[in-house]
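Everything below concerns the one structure shown next.
The values are calculated or read from the model by the stated rules, or taken from the named source; none is laboratory data. Please read all numbers here as calculations on a predicted model, not as lab measurements. Every residue, glycine among them, receives a Cβ derived from its backbone with ideal geometry; neighbour counts consider all protein chains shown. Only protein heavy atoms, including side chains, enter the accessible area calculation; ligands, DNA and RNA are left aside. Shrake-Rupley method; radii C 1.70, N 1.55, O 1.52, S 1.80 Å.
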Protein chains: 2
Amino acid sequence: MSLRIAEIFGPTVQGEGALIGEPTVFIRAGGCDYRCSWCDSLHAVDTIYRHDWAKMSADDVWDRVRTLSGGQPLTVSLSGGNPAIQDFAPVIMRGKSEGYRFACETQGSIARPWFADLDTLVLSPKPPSSGETVDWQAFAECRDVASHGPKVVMKIVVFDDADYTWAKAAATRFPDLPLYLQPGNPDVDPDHPVDLQACADRLLWLVERVMDDKWFMPRILPQLHVLIWGNKRGV
Amino acid sequence: MSLRIAEIFGPTVQGEGALIGEPTVFIRAGGCDYRCSWCDSLHAVDTIYRHDWAKMSADDVWDRVRTLSGGQPLTVSLSGGNPAIQDFAPVIMRGKSEGYRFACETQGSIARPWFADLDTLVLSPKPPSSGETVDWQAFAECRDVASHGPKVVMKIVVFDDADYTWAKAAATRFPDLPLYLQPGNPDVDPDHPVDLQACADRLLWLVERVMDDKWFMPRILPQLHVLIWGNKRGV
């Protein structure tokens with residue numbers, strides 16, 4: 001059975017969340033069950049791009065990761081789109097046998113048995129600004145599948161006050177999941193240079209919002225790759 | 001016995017290293033056994049400022065932290081200067097009894113029994129660009145004191161190729177310590193605005209340097225507080 005792959009790239013650093021700064025090769029799966037208003041990876045989501053997605057066997061995917069990393073084990077991040085649509089168990093099995101570590105980023109809408117084989121599972125429920133609605137039962141299933149293996153964390157993108165209030169409620173639902181907040185990036189055009197001051201200002205806004213509330217649970221992080229490369233792809 | 005304190009501030013986010021993005025109150029100790037060429041905290045290091053350092057009891061220090069944090073437990077970071085010059089055991093003891101967590105940032109030149117009571121010990125050996133020379137035996141003692149309690153990590157600031165080569169050798173000495181690399185910030189004047197593009201460029205330089213080497217051990221992180229606030233103090 002083949003996998004639909006939008007891109008495989010790296011090694012680069014993980015730009016977000018729990019593994020921020022960690023050397024990583026990314027496997028970006030094609031296809032998504034969501035269509036967030038501010039999606040920064042439409043080339044892996046919108047089906048008008050589906051003919052650009054490679055059909056690859058698990059072995060082909062793994063060979064590409066190994067070539068990019070020079071055979072040196074590192075963290076491999078499964079992202080998308082929603083990688084949970086597809087079966088990455090064979091890729092994870094091959095990689096782990098060679099000493100690689102695996103992370104997966106997903107909205108938490110579809111639980112997969114292979115979540116249990118990961119090192120890190122990042123569940124990113126989408127706040128109101130996305131235009132999507134979270135199925136919290138499916139989200140809890142994702143957490144439960146991974147309850148005995150990987151580190152499971154929650155990451156929430158915050159664009160505005162409504163998202164922020166929603167993030168606090170989400171944290172109350174899942175008090176045991178380490179929480180990462182990230183200011184939203186409204187400018188996702190890869191051909192448009194990023195305004196670094198605006199990025200810094202959004203981070204300041206979110207830090208002050210959280211600190212003013214004396215809410216000390218979440219860690220607050222920017223997107224490093226946006227600071228370094230703007231919205232360029234494949235880095 | 002009183003403590004010499006340069007400043008106590010927060011809550012803000014930890015800008016660097018293993019706890020990047022974590023809500024934190026900082027206790028910046030006055031006094032240092034080093035004098036790094038590029039020190040960004042001379043107001044806590046250079047003895048010309050010593051009359052600005054408050055003499056505070058451990059109880060006074062703790063009362064200030066509790067007031068700033070509204071009595072809500074969070075991470076307290078002991079920094080400096082070199083906090084290991086002084087005895088922070090009573091502060092840590094009071095804080096832990098109230099549910100607070102403690103991190104300490106030190107160059108690793110002086111080992112202290114209270115390192116064992118921390119949650120996180122960040123050892124930052126200073127590279128050649130600092131003008132200082134590391135005593136690796138003292139450094140190893142710091143690690144050993146903390147070997148049964150806190151998470152111990154190594155953080156190295158990298159300004160240039162010589163620092164980079166040195167960081168690789170340091171990592172070889174201590175392969176079991178999780179490693180964080182951080183590009184150096186040559187512009188530490190609090191009255192001078194920070195050039196965000198230059199910060200981003202230095203991060204890119206370091207990421208590419210490490211990735212080109214296929215060296216996947218370190219995590220590579222910027223200084224968030226510099227991105228957000230420049231070199232302003234007390235944030």
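Table for the structure above
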{"item": "Close pairs (9 angstrom Cβ cut-off, 6 or more residues apart or separate chains): within 16 Å of A:Pro11 (Cβ to Cβ) in the range A:51-79, open to solvent by 80 Å² or more (accessible area, probe 1.4 Å) anywhere", "result": "A:Pro73/A:Arg101; A:Leu74/A:Arg101; A:Thr75/A:Arg101; A:Val76/A:Arg101"}
{"item": "Selected residue [within 14 Å of chain B (Cβ to nearest Cβ) and not polar (S, T, N, Q)] from A:Glu132, A:Glu208, A:Glu141", "result": "A:Glu208"}
{"item": "Out of B:Pro222, B:Pro218, B:Pro186, B:Pro178, sole residue that is away from chain A (no Cβ under 12 Å) and under 19 Å from the mean Cα position of the chain (by Cα)", "result": "B:Pro186"}
{"item": "Set A:Asp135, A:Asp119: member being of a type in the set (D, E, K, R), surrounded by fewer than 18 Cβ atoms within 10 Å (Cβ to Cβ) and closer than 29 Å to A:Pro186 by Cα", "result": "A:Asp135"}
{"item": "Tally, over the range A:48-95, of residues that are in a helix (DSSP H, G or I), out of contact with any Ser or Thr (no Cβ under 7 Å at 6 or more places or on another chain), away from every other protein chain (no Cβ under 14 Å) and not small (Gly, Ala, Ser)", "result": "17"}
{"item": "Given (1) more than 17 Å from B:Cys32 (Cα to Cα); (2) of a type in the set (Val, Ile, Thr); (3) without any contact (Cβ under 8 Å) to a residue 60 or more places away in the chain, index of the condition B:Thr133 fails", "result": "(1)"}
{"item": "Residue that is nearest to A:Ala84 (Cα to Cα), among those in the range A:5-47 that are assigned to a strand (DSSP E or B), more than 10 Å from chain B (Cβ to nearest Cβ) and within 13 Å of the chain's Cα centre (by Cα)", "result": "A:Ala29"}
{"item": "Verdict on A:Ala140 being among the small types (Gly, Ala, Ser) and either touching a residue at least 60 places away in the same chain (Cβ under 8 Å) or out of contact with any strand residue (DSSP E or B) (no Cβ under 9 Å at 6 or more places or on another chain) (or both)", "result": "yes"}
{"item": "Residue in the range A:145-156 that is surrounded by fewer than 19 Cβ atoms within 10 Å (Cβ to Cβ), in contact with a strand residue (DSSP E or B) (Cβ under 6 Å, 6 or more places away or on another chain) and in contact (Cβ under 8 Å) with a residue 12 or more places away in the chain present", "result": "yes"}
{"item": "Scan of the range B:96-106 for residues that are surrounded by fewer than 14 Cβ atoms within 10 Å (Cβ to Cβ) and in a loop (DSSP other than H, G, I, E, B), ordered by number", "result": "B:Glu98, B:Gly99"}
{"item": "Filtered residues of the range B:166-204 (kept if within 26 Å of A:His225 (Cβ to Cβ), without any contact (Cβ under 8 Å) to a residue 24 or more places away in the chain, assigned to a helix (DSSP H, G or I) and open to solvent by 20 Å² or more (accessible area, probe 1.4 Å))", "result": "B:Gln197, B:Ala198, B:Asp201, B:Arg202, B:Leu204"}
{"item": "Hits in the range A:152-170 (condition: more than 18 Å from A:Glu132 (Cα to Cα) and within 14 Å of chain B (Cβ to nearest Cβ))", "result": "A:Val153"}
